[in-house]
Amino acid sequence: MSMIHFSVTALRKQLAAKEISPVEVVDALLARIEAIDPQVKAYLHVDAAAAREAAKSADVTRPLGGVPIAIKDVLNVKGDPCTCASKILKGYIAPYDATTIGKLRDAGAILLGRTNMDEFAMGSSTENSSWGSTRNPWSLAHIPGGSSGGSAAAVGAHEAFAALGSDTGGSIRQPAALCGCVGLKPTYGRVSRFGLVAFASSLDQIGPFTKTVEDAALLMNVLSGHDPLDNTSSRQQVPDLTARLTGDIKGMKLGVPKEYFIEGIDPQVDAAVKAAIAKYQELGAEIVEISLPHTEHAVAVYYILATAEASANLARFDGVRYGTRAEKPTGVLDMYGRTRAEGFGPEVKRRIILGTYVLSSGYADAYYKHAQKVQELIRQDFHKAFEKVDAILTPTSPTAAFKAGERTASPLQMYLADIFTIAVNLAGVCGISLPCGFTMPEGDTPRLPIGLQIIGPNWGEETILRAGHAYEQSTGWHKELPPI
Amino acid sequence: MEYEAVIGLEVHVQLKTNTKMFCGCINKYGGLPNTHVCPICLGMPGVMPTPNHDAVVKTILTGLMLECNIATRCKFDRKNYFYPDMPKNYQISQYDEPLCEGGAVTLNLLAYPKDAQKLETTVVDKKVRLVRIHLEEDVAKSQHDEGQSGVDFNRAGTPLMEIVSEADMRTPEEAFAYLTALKQILIYGNVSDADMEKGQLRCDVNVSVRPKGQEKFGTKCEIKNLNSISAVRRSLKYEIDRQIEVVSEGGTIRQETRRWNDVKGETAVMRIKEQAHDYRYFPEPDLLPLNTSLGLRSEAEVLMPELPSAKKARLATQYGVSEYQASVLSSEVALADYFEKAAEAAKDKGLVANFLLNDYLAINSDLSTIAVPAPWFSELANELTAGKINSKQAKEVFGLMVSDNPGNLTPLEIIKAKGFVQVTDTGALEAWCDQAIANGARSVADYKAGKVAALNALKGQVMKLSKGQANPQTVGEILEQKLKAL
Amino acid sequence: MSSQGIDVQYVADLARLRLSADEVATFQKQLSDILGYVDQLQKVDVSSVEAITASAPTSNNLRTDELKPSISAEEALANAPVQSDNLFIVPRMVE
């Protein structure tokens, strides 16, 4: 095992003890990126010189001092490009820092580079990037999941110690599951969204990708907290999330929703998650069968509400103040129509049209308002469940990674990849995905990671991290290395 | 057939705050283009709005002043439409849960145009009901050249109230009075400077006509580009005449937006390429709803000023000024405040009101340039009341005090410098009276014959003899006695 | 609610997206599929969830009316595709 395989926690110990220097760490990582990223294509942009420069003056006494962290291309980093993997933002240089970026800087982290994603975070495979698709480090023929596929692949391939992503319907947890790393979607309002290019504002949250659960807790300690610039960020107190990772979960009540083990789920995923549930029982947790009856409607609700918000959020990309503009517009309407036609990819266009439609006069009641009510039922499902249990166990994704190109023809098929993660965003609660096994190799498909999702109530990050940590320490799936 | 007009107004008012509605940039008219901007009001990718506390409170205050119902809960919505002056291509506004609903603007007499104040058709104290008041953000300003437009985002994000009236007005004069009275209240509450020339108050007019007695509304037209209250009146007069002419000749009115040309004095159809309008309102997910019962309403209540009608009543009773004077004084809060200071030490408050309204404002259009310390009014009035100078002298002193006073002399100093004294010494007065009677045989005869007014001629003689310094009242008494004794 | 009812061309105009005829045809088919899928929501009984929005919040999160620094015109215009004299330039707006 070399330096690049360290967890953030392990790396920090070595840095603090001066056994290694931040410069050595950055150099090792840059070498790794140079060696394998041409195949994985996790990064869109790496500023090696700036990273080396930052490493020279890194303060290793700080919480993330000298630790390089990769950033999904959806967050504004002052002076850096931020394209959201879209042609429409080509050439845009961010004039300000996202709040989370400021927090990482304050914690001493080195901002290493920008990771690939589905355009404007719309997708489940990172195939919707305007700059080419990212591949899964466990099998280059497979997709890494999405939309934060670049961040997941970078951490899964040990091209990053940790990364930031954003999760609107599963965009952190699903690629984490598919790339064999840990990904956490915080409770809505836990982490400031200021500086995150919005997809669906009422659902978006920024969260970490890490190699271990403890690292996720460490990053959440840095990222969490109220931000006066984000009106929806909570003033709820932030506990020290690393402090209670004791490994002891005796007496913890874990719910298993019967609706999540349905037909259509890959048998190997089903088996791995059921084995994880058994493991929890072994560790002293109490397993309780629960029901989340409105889950079956989550995807439908999501594709109404998220696209509606997106249709407004993406209206600002018009070629007036930033980004690209169509050549020689003949008038304002021509400028809008062609700039947006040339700048957006097909999935983004599809969602803008869908979102515009469900809000339009005559349809808003039937679609948008009705979907909001069903969302409330989904939310109530979770609140009722959390009266009985401390956390909920489910698969993160119904299948392991699928092959590149396999689902691009059917948007609806692609949407169903997020069937287990979407309800968590709709309810606003928190969720984490962590490795819980692998598929059996079959034909030319090698073994692929499987993810376990642990869902917690509002402000329940401490609980899901504690549960995840106990499982991880007793199994060791996280120690497996990808073939690349 | 006789027709009547039906008029409703949508008024946009920029709030007087330090900063913009959703970011900390300065809220200030003018400035070099794109210097009062930040990533938030430019709608850069990833930014989020944070609502301005004072803008919310001032909107509630406006609602309280106009007797609206203040919603306990309200929220912001996104209004979607594309235009280069809109940074996000949606405007943060309020749709189905505005801050204020209902309420009314009262059209007091002085709010009407001067030439309409005495008309029989003028309905004094008519209440024009309001539909709602909501809070939103202003858009950028653009300037147009050959073939291109330039956009300046300094104004983008300025806190903006939209005040929507019911279609309660029937004449251009009522629309004029509505805007005048509304503006007065906005200034009273220090909510806005409401200067139409600076675009701080902007008005869109909806107008239709119908045969008198008919209940159903006619087809309405919207008039835009109205840059003054008088333009609103004139444009309405033009547009109502136009519509009546069309209808009475059997034509039909098309629903359209018309632009007022102030120079030509006419409205014309705006050539906007017809685009489907569908604002697709939905709740702004970046902002939490507001609860006005958690302090916001009570903060606004503390700011509640004495309103024009209450001030008018109080000035009349407290200072004994006439109802008309009280109306004029309360028409502007600055005038009323000045009057109260000016009259504070006066024994006869009415004299101060006369000086201020008849002698000062008759010549000067407003108070903004007055350089006279308010207490001087009392000082001057009290000299007059005490009989130390007469009213003619007082007028002269006043004139010098306000407009020709390089030494910044007080009224007492001016009186002294002018040598103004009022002779009340009966000996001297009697001598002048005797002289006047001796020289005015004709007047004496007239008086004796029962023409009481002849006394004034004699009085004038005495005043002349005294070089204006005699106390006219005492002179009158002495003359009367002497004439009776003849 | 008819899922066949979407007029892709009309909606794309509202969204200021100029689509090719091929795109219109493809989206018409795909969006009809998706809308067919979301039609499942119509059978959900939402009578227990009237007015989600009815309750007033328990706190207000408002910004104090205090000035914060603006950015310079140069910074503001740094990303502009076309600019001149400190203004963002666009094709002439109508009227």
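Going by the conditions given, is residue C:47 more than 8 Å from chain A (Cβ to nearest Cβ), farther than 29 Å from residue A:234 by Cβ and part of a loop (DSSP other than H, G, I, E, B)?
Yes, satisfied.
Give the residue that is nearest to the chain's Cα centre (by Cα), with candidates limited to residues of the range B:67-85 that are in a loop (DSSP other than H, G, I, E, B) and crowded, with 23+ Cβ neighbours inside 10 Å.
B:68
Could you identify the single residue in B:258, B:280 that is part of a strand (DSSP E or B), at pLDDT 90 or above, in contact with a strand residue (DSSP E or B) (Cβ under 6 Å, 6 or more places away or on another chain) and assigned by TED's automatic domain parsing to the domain that holds residue B:80?
On inspection, the qualifying residue turns out to be B:258.
Since residue A:243 meets every condition but one in (1) over 25 Å from residue A:479 (Cβ atoms); (2) without any contact (Cβ under 8 Å) to a residue 24 or more places away in the chain, which condition does it not meet?
Every condition holds for residue A:243 apart from (1).
Test each condition in (1) in a helix (DSSP H, G or I); (2) facing another protein chain (nearest Cβ under 7 Å); (3) not basic (Lys, Arg) for residue A:387 and report the one that comes out false.
All conditions pass for residue A:387, except number (2).
Given the criterion modelled with pLDDT of 95 or more and either more than 26 Å from the chain's Cα centre (by Cα) or within 14 Å of chain B (Cβ to nearest Cβ) (or both), identify the matching residue among C:95, C:75.
Exactly one residue qualifies, and that residue is C:75.
Any idea which residue in the range B:118-127 is surrounded by the fewest Cβ atoms within 10 Å (Cβ to Cβ), counting only those that are out of contact with any helix residue (DSSP H, G or I) (no Cβ under 6 Å at 6 or more places or on another chain) and assigned to a loop (DSSP other than H, G, I, E, B)?
Taking the candidates together, the pick is B:120.
Can you name the residue in the range A:417-453 that is within 23 Å of residue A:484 (Cβ to Cβ) and β-branched (Val, Ile, Thr) and is also surrounded by the most Cβ atoms within 10 Å (Cβ to Cβ) among such residues?
A:450
Being more than 13 Å from residue A:155 (Cα to Cα) and in contact with a strand residue (DSSP E or B) (Cβ under 7 Å, 6 or more places away or on another chain) narrows it down to one of A:195, A:180, so name that one.
When all the criteria are applied, what remains is A:195.
I'm told residue A:396 meets every condition in (1) touching a helix residue (DSSP H, G or I) at 6+ places or on another chain (Cβ under 7 Å); (2) hydroxyl-bearing (Ser, Thr, Tyr); (3) more than 22 Å from residue A:298 (Cα to Cα) except one. Can you identify the failing condition by its number?
(3)
Would you mind finding the one in B:164, B:205 that is in contact with a helix residue (DSSP H, G or I) (Cβ under 9 Å, 6 or more places away or on another chain) and assigned to a strand (DSSP E or B)?
Going through B:164, B:205 in turn, just one is in contact with a helix residue (DSSP H, G or I) (Cβ under 9 Å, 6 or more places away or on another chain) and assigned to a strand (DSSP E or B): B:205.
Please tell me if residue A:55 is touching a Ser or Thr at 6+ places or on another chain (Cβ under 9 Å) and either over 26 Å from residue A:478 (Cα atoms) or surrounded by fewer than 16 Cβ atoms within 10 Å (Cβ to Cβ) (or both).
The answer is yes for residue A:55.
The rows are residues; the columns are (1) farther than 15 Å from residue A:96 by Cβ; (2) under 31 Å from the mean Cα position of the chain (by Cα); (3) more than 10 Å from chain C (Cβ to nearest Cβ).
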| site | (1), (2), (3) |
| --- | --- |
| B:10 | yes, yes, yes |
| B:21 | yes, yes, no |
| B:39 | no, no, no |
| B:42 | no, no, no |
| B:46 | no, no, yes |
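Can you work out which of the residues in the range B:253-271 that are of a type in the set (A, V, I, L, M) and out of contact with any Gly (no Cβ under 8 Å at 6 or more places or on another chain) is surrounded by the fewest Cβ atoms within 10 Å (Cβ to Cβ)?
Residue satisfying both the conditions and the ranking: B:263.
Being surrounded by 14 or more Cβ atoms within 10 Å (Cβ to Cβ), touching a helix residue (DSSP H, G or I) at 6+ places or on another chain (Cβ under 8 Å) and modelled with pLDDT under 90: is that true of residue C:49 here?
yes
Pull up the range B:296-305, narrow it to residues that are surrounded by 14 or more Cβ atoms within 10 Å (Cβ to Cβ) and more than 7 Å from every other protein chain (Cβ to nearest Cβ), then point me to the one that is nearest to residue A:188 (Cα to Cα).
B:297
Identify all residues within the range B:240-265 that are within 16 Å of residue B:3 (Cα to Cα) and touching a helix residue (DSSP H, G or I) at 6+ places or on another chain (Cβ under 9 Å); write none if there are none.
B:240, B:251, B:252, B:253, listed by residue number.
So the check is Cβ under 6 Å with 6+ separation or different chains; which pairs have a first residue in the range A:383-411 that's closer than 26 Å to residue A:428 by Cβ and a second one that's part of a strand (DSSP E or B) and small (Gly, Ala, Ser)?
Pairs that qualify, where the first residue is closer than 26 Å to residue A:428 by Cβ and the partner is part of a strand (DSSP E or B) and small (Gly, Ala, Ser), are A:385/A:255; A:389/A:255; A:391/A:456; A:392/A:255; A:396/A:433; A:396/A:451.
Please determine, by comparing only the residues of the range A:315-367 that are surrounded by 23 or more Cβ atoms within 10 Å (Cβ to Cβ) and aromatic (Phe, Trp, Tyr), which one is farthest from residue A:95 (Cα to Cα).
A:367
Could you tell me how many of the residues in the range B:459-477 are assigned to a helix (DSSP H, G or I) and not basic (Lys, Arg)?
Residues that pass the stated criteria total 11.
Out of all the residues in the range B:14-39, which are among the β-branched types (Val, Ile, Thr) and crowded, with 24+ Cβ neighbours inside 10 Å?
Residues satisfying the conditions are B:19, B:37.
Right, residue B:418: surrounded by 18 or more Cβ atoms within 10 Å (Cβ to Cβ), basic (Lys, Arg) and either outside the structural domain of residue B:347 (by TED's automatic domain parsing) or without any contact (Cβ under 8 Å) to a residue 24 or more places away in the chain (or both) or not?
Here the answer is no, as residue B:418 does not meet what is asked.
The values are calculated or read from the model by the stated rules, or taken from the named source; none is laboratory data. Treat the numbers as computed from the prediction; the structure is a model and nothing was measured. A quick note on method: Cβ atoms are made from the backbone with ideal geometry, for glycine too, and the neighbour counts reach across all protein chains shown.
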